[in-house]
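Nothing in this text is a laboratory measurement; each read-out follows from the coordinates by a stated rule. Only a predicted model underlies this, so the values are computations on that prediction, with no experimental measurement involved. For neighbour counting, all protein chains shown are included, and Cβ atoms are generated from backbone atoms with ideal geometry for every residue, glycine included.
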Amino acid sequence: MIFGIPVQPSWLLTLGILLLVLLVFQILVGMRKIKFGRKTFVYHRWVAFTILGIAIVHGFLGVLFSYGFRVF
């Protein structure tokens, strides 16, 4: 539990899939397969910060879940 909210395995799965999709998007923008005009690298940078934030939350929930903070 985190602040009284149970950690669900579906949260970890959802965040992992979201990270994978964002990573593929990040790679395609970096290779310039997806273009946004002059704002391409602005989006590239913001997606990188988003990936970092979601990865931190995903890792934190994974550690809590693996150490037995499970509520089914």
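Are there trypsin sites (Lys or Arg not before Pro) in the stretch 27-69 that DSSP marks as loop and that have at most 12 other Cβ atoms within 10 Å, and which are they? Before the final figure, lay out each step's value.
Working: sites: R32, K33, K35, R38, K39, R45; in loops: R32, K33, K35.
Here the sparse-neighbourhood loop sites are R32, K33, K35.
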Computed helical MRE - 222 nm, the chain, DSSP H runs ≥ 4 contributing -39500 (n - 2.57), nearest 500: -24000 deg cm²/dmol
Helix 40-66 axis, angle to the chain major axis (alpha carbon atoms, nearest 10°): 10
Within a Gaussian network of the chain (alpha carbon springs, distance under 10 Å), most fluctuating of G37, G59, G16: G37
A55-T14 pseudo-label distance in nm [points 7 Å out on the Cα-to-Cβ vector]: 2.2
Listed candidates (1) 47, 18, 15; (2) 64, 25, 12; (3) 38, 21, 19 - label of the one calculated as Cα extents along the principal axes in Å: (1)
